[in-house]
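Novice: Input: one structure, supplied below.
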Amino acid sequence: MSALIPFPRMFAVRQKFPPSPPLDIPATVQREFKLQNALSRIKSGAQIAVAVGSRGITNIKSIVLAVLDILKAAGAKPFILPAMGSHGGATPEGQIGVLASYGLTEQSMGVPIRASMEVERIGVSADGVDVFCSVEAQRSDGIVIVNRVKPHTDFQGTLGSGVLKMCVIGLGKRAGAAACHAAATRLGYEHTLRSIARVVLRTAPIVCGVAIVENQFHDTARIAVLNRDEIEEREKELLEEAQRLMPRLPFDDIDLLIVDRIGKNISGAGMDPNVTGRWVHGYSSSLGPDNQASPLIRRIFVRDLTPETHGNAIGIGFADITTTRLVSAMDKQVTYINALTSLTPNGAKIPIHFDTDREAIAQGLASLALPDPRQAKVVRIADTLSLVNLEVSEAYASLVKQRGGLEVLGDPREMRFDTMENLAP
């Protein structure tokens, strides 16, 4: 059937985002620790847990190394604590493997990794929710939390993904993540995260947070050290900055979005709902005017998983079409544990899948009920983090000329496929 469907021609464009000044990471981290006097409570010989998560954060290896060097210089004995809820199959080995995919190993970091999933109950929130914390973290002499601040994938508000969330989901391991998500169904995400985080901040030996903000190029734009008593207040300001710097798709009306790859290193939801408008608790695939999604993307075709996601295909449920090779690459156990712990089964649903990209695109175009598929508004991206360079169909040609902030990189041409009938890079 694919041979009977004419495809639109595509051309490359670049979004012209303003660049951020380059950061000297070791110097910035050292300056922030000194500015906040964050080492004043750390005694020589103190065992300090450096909590690190499972996202694809640019420069994470350099940032964590800088934090470790500062702690060692202060006489502390730091170790790395995987702080990623149920990711990595909710096993120590799986979480060590996730960290290794980001270059964080005992050898490269020069410190131990303590990956036990054991937790203890450290209190109860104002709403009566049990609060859990990693035993390794709780028995340390201090905890330093390293995480990126950005809009959350499950809800919208004045709290995103960042240091507070890692206090709850990361330090809480699978038990803490499950308790939080269960309570959030009754009380709301932001309220639940804040109320549990306040117990963790009051009870656990947290020293500070190292908050990272990235720009539209997925580069490090800012690193800020937040002392324990100011984490909640200052993270709100950093979230506002992250929202301003977050890349978006250049168009609000798309017939078919082709996404080359999804994964946990791209987004906690595999592909970011803040970009696609498809949220973790459901979306509409209606082609009619009743579909109020923003942006309005009528069909999404996802081609592959990232290697760094270790088979976790969470987010594939937000696609309409995928490939048989992606489905074969899924680690269903890891994916299902993540989806069930976060109470978001939509994200693990397996969509219609085809053996080749050509057939998947043809069926996606056919499902749009357009008089002429060659006029379809098609956008191709690498992933929802990488939105600087993209390909768009000829239907956008006049709009690209009218719009500022878009640079045309080439002439329209037919979609290119390899000998296996899959899209060329």
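None of the figures in this text is laboratory data; all of them are computed from the coordinates on show. Because the structure is a prediction, the values reported are computed rather than measured. No Cβ is skipped: glycine too gets one built from the backbone with ideal geometry, and neighbour counts run over all protein chains shown.
Novice: Please list, in order along the stretch 112-128, the HN-Hα scalar couplings obtained from phi with the Karplus expression 6.51 cos²θ - 1.76 cosθ + 1.60 (θ = phi - 60°), rounded to whole Hz, x for Gly and Pro.
Specialist: Taking θ as phi minus 60°, the curve returns x, 10, 10, 10, 4, 8, 5, 10, 9, 7, 10, x, 9, 6, 4, 9, x Hz for the stretch 112-128.
Novice: Whole Å is fine, so just give me how far the alpha carbon centre of the stretch 246-284 lies from that of the stretch 349-420.
Specialist: If you average the Cα positions of each part, the centres end up 15 Å apart.
Novice: For the stretch 25-245, which semi-axes, largest first and in whole Å, follow from the square roots of 5 times the eigenvalues of its Cα gyration tensor?
Specialist: Values for the stretch 25-245, descending: 23, 20, 17 Å.
Novice: Using a 7 Å offset from Cα along Cα-Cβ at Ser62, what residues in the stretch 88-115 end up with backbone N under 17 Å from the label point?
Specialist: Counting only backbone N, you get 102-104, 109.
Novice: So if we plug the beta-carbon distance of Thr324 and Val388 into 1/(1 + (r/R0)^6) with R0 = 30 Å, what FRET efficiency do we get, rounded to 0.05?
Specialist: The calculated FRET efficiency here is 0.50.
Novice: Now for a different question. With the crude spin-label approximation of a point 7 Å out along Cα→Cβ, what separation in nm comes out for Ala12 versus Leu409?
Specialist: Taking the two extended label points, one gets 0.5 nm.
Novice: Here is a follow-up. Too long at a 19 Å Cα-Cα cut-off: which of Lys16/Lys401; Lys165/Lys349; Lys34/Lys150; Lys43/Lys173; Lys165/Lys264?
Specialist: Lys165/Lys349; Lys34/Lys150; Lys43/Lys173
Novice: Report, to two decimal places, the Cα Rg of the stretch 41-101 normalised by 2.2 N^0.38 Å (N = number of residues).
Specialist: Cα Rg divided by the expected 2.2 N^0.38 Å: 1.21.
Novice: Additional query: Take Gln156 and Val124, extend 7 Å from each Cα along the Cα→Cβ direction, and tell me the distance between the two endpoints in nm.
Specialist: It works out to 3.6 nm between the two label points.
Novice: Something else: What is the set of long-range amide H partners of Lys77 at a cut-off below 5 Å, with H atoms built 1.01 Å from backbone N?
Specialist: Gly45, Ala46, Gln47, Ile48
Novice: How big is the Kirkwood radius of the stretch 74-139, worked out from every pair of different alpha carbons and given in Å to one decimal?
Specialist: For the stretch 74-139, inverting the mean 1/r across all distinct Cα pairs yields 13.2 Å.
Novice: For the stretch 124-283, count the residues as N, evaluate 2.2 N^0.38 Å, and divide the Cα radius of gyration by that value, please.
Specialist: 1.07
Novice: Based on DSSP, what percent of beta bridges with both residues in the stretch 277-413 are antiparallel, to the nearest 5?
Specialist: 45
Novice: Name the residues whose placed amide hydrogens come within less than 5 Å of the amide hydrogen of Leu406, ignoring near sequence neighbours (fewer than 5 apart) on the same chain.
Specialist: The answer is Lys16.
Novice: Given that compact globular proteins tend to follow 2.2 N^0.38 Å, what is the ratio of the alpha-carbon Rg of the stretch 332-379 to that value?
Specialist: 1.63
Novice: Relative to a virtual label point 7 Å from the Cα of Leu340 in the Cα→beta-carbon direction, which members of the stretch 69-90 show backbone nitrogen distances below 18 Å?
Specialist: 85-90
Novice: Apply the Karplus curve 6.51 cos²θ - 1.76 cosθ + 1.60, θ = phi - 60°, to the phi angles in the stretch 79-84 and return the couplings in whole Hz, x for Gly and Pro.
Specialist: Couplings: 9, 9, 10, x, 10, 8 Hz.
Novice: May I ask you to evaluate 6.51 cos²θ - 1.76 cosθ + 1.60, the Karplus curve with θ = phi - 60°, for each residue of the stretch 100-107 and list the ³J(HN,Hα) values in order in whole Hz, giving x for glycine and proline?
Specialist: 4, 5, 9, x, 9, 10, 4, 5
Novice: Against the longest alpha carbon principal axis of the chain, how many degrees, from 0 to 90 and to the nearest 10, is the axis of helix 189-203 turned?
Specialist: Tilt relative to the chain: about 20 degrees.
Novice: As an exercise, use a Förster radius of 45 Å and the Cβ-Cβ distance of Lys349 and Arg31 to find the FRET efficiency, rounded to the nearest 0.05.
Specialist: 0.45
Novice: Between Thr105 and Ala397, 0.36 nm times their residue separation minus their Cα-Cα distance comes to what?
Specialist: 100.4 nm
Novice: What's the Cα-based Rg to Rh of the stretch 31-147, Rh via Kirkwood?
Specialist: Radius of gyration relative to Kirkwood radius: 0.98.
Novice: With a ≥ b ≥ c taken as the square roots of the eigenvalues of the C-alpha gyration tensor of the chain, please select rounded if a/c is under 1.5 and otherwise prolate if a/b is larger than b/c or oblate if it is not?
Specialist: Prolate, since a/c reaches 1.5 and a/b exceeds b/c.
Novice: Which order do peptides 352-358, 304-310, 289-295, 253-259 fall in by mean Cβ count within 10 Å, highest first?
Specialist: In decreasing order of mean packing, 352-358, 304-310, 289-295, 253-259 become 253-259, 304-310, 352-358, 289-295.
Novice: Taking only Cα atoms, what is the 0 to 90° angle, nearest 10, from helix 25-35's long axis to the longest principal axis of the chain?
Specialist: 40
Novice: Also, quick follow-up: Which distance in nm do the two modelled labels at Asp418 and Ala293 give, with both placed 7 Å along the Cα-to-Cβ direction?
Specialist: If labels sit at Asp418 and Ala293, their model points lie 2.9 nm apart.
Novice: As a test of understanding, state the convex hull volume per residue of the stretch 253-354 from its alpha carbons, in Å³.
Specialist: In the stretch 253-354, the Cα convex hull volume per residue is 84 Å³.
Novice: Mind ranking 266-274, 360-368, 90-98 by how tightly packed they are, going by the mean number of other C-beta atoms within 10 angstrom, highest first?
Specialist: 266-274, 360-368, 90-98
Novice: For the stretch 25-245, calculate the relative contact order in percent as a whole number, restricting contacts to Cα pairs under 8 Å that are 6 or more residues apart.
Specialist: 22
Novice: For Arg222, list long-range residues whose amide hydrogen, built 1.01 Å from N in the peptide plane, is under 5 Å from its own amide hydrogen.
Specialist: Distant-sequence amide H within range of Arg222: Val213.
Novice: A further question follows. How large is the helix-only mean residue ellipticity at 222 nm for the chain, computed as the sum of -39500 (n - 2.57) over DSSP H runs with n ≥ 4, divided by its residue count, in deg cm²/dmol to the nearest 500?
Specialist: Theoretical 222 nm ellipticity from helices: -8500 deg cm²/dmol.
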